[in-house]
Amino acid sequence: MVEHEKLVEALKTVKDPELNVNVVDLGLVYSVQTEEDQVNVEMTLTSPACPAGPEILRGAVTALEKIEGISKANVKLVMSPPWTPEKMTDAARDELGFF
């Protein structure tokens, strides 16, 4: 089984192209769970109408499926609870100028 931290690190390589901050630090990733050689991720977007949504989701699948031991990444888009800036890490807030 792949370590949780390795999965999170892979997701940190996926950036929101409009904000240029990774999806983990933005607080878009709600859950990461493994089941044998598959990983199930629930994540959201900064807004339901985010034009970069499909690109972000594809990026998450690609990053996770590059990990040795993962045969399939199931990335599910959820809108509840809705994303808010409070979900960002301090580093992301600093980078984007949120105080």
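Residue by residue, here is whether (1) closer than 22 Å to E95 by Cβ; (2) in a loop (DSSP other than H, G, I, E, B) holds:
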position	(1), (2)
T13	yes, yes
T34	no, no
N40	no, no
T46	yes, yes
C50	yes, yes
T62	no, no
I67	no, yes
A73	no, no
M79	no, yes
- Message: Criterion first (touching a residue at least 24 places away in the same chain (Cβ under 8 Å), open to solvent by less than 20 Å² (accessible area, probe 1.4 Å), aliphatic (A, V, I, L, M) and farther than 26 Å from E3 by Cα) does A52 satisfy it?
- Response: yes
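Here are A63, A91: which of them is small (G, A, S) and either open to solvent by 60 Å² or more (accessible area, probe 1.4 Å) or out of contact with any helix residue (DSSP H, G or I) (no Cβ under 9 Å at 6 or more places or on another chain) (or both)?
Working: A63 fails: either open to solvent by 60 Å² or more (accessible area, probe 1.4 Å) or out of contact with any helix residue (DSSP H, G or I) (no Cβ under 9 Å at 6 or more places or on another chain) (or both).
Answer to the check: A91.
Considering only residues of the stretch 25-43 that are within 13 Å of the chain's Cα centre (by Cα) and among the charged types (D, E, K, R), which is nearest to M1 (Cα to Cα)?
Here is the first cut: in the stretch 25-43, the residues within 13 Å of the chain's Cα centre (by Cα) are 25-33, 39-43.
Next, only the ones that are among the charged types (D, E, K, R) stay: 25, 42.
Values: D25: 24, E42: 19 Å.
Filtering first and then ranking leaves E42.
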- Query: Does any residue in the stretch 57-79 that is in contact (Cβ under 8 Å) with a residue 12 or more places away in the chain come within less than 6 Å, Cβ to Cβ, of a residue that is of a type in the set (V, I, T) and in a strand (DSSP E or B) six or more places away or on a different chain, and which pairs are these?
  - Reply: L57/V75; A60/V75; V61/V75; L64/V39; I70/V39; A73/V39; V75/V41
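The values are calculated or read from the model by the stated rules, or taken from the named source; none is laboratory data. Note that the structure is predicted; figures quoted are calculated from it, not measured. No Cβ is skipped: glycine too gets one built from the backbone with ideal geometry, and neighbour counts run over all protein chains shown. Note: accessible area is taken over every heavy atom of the protein model, side chains too, but ligands, DNA and RNA are not part of it. Shrake-Rupley method; radii C 1.70, N 1.55, O 1.52, S 1.80 Å.
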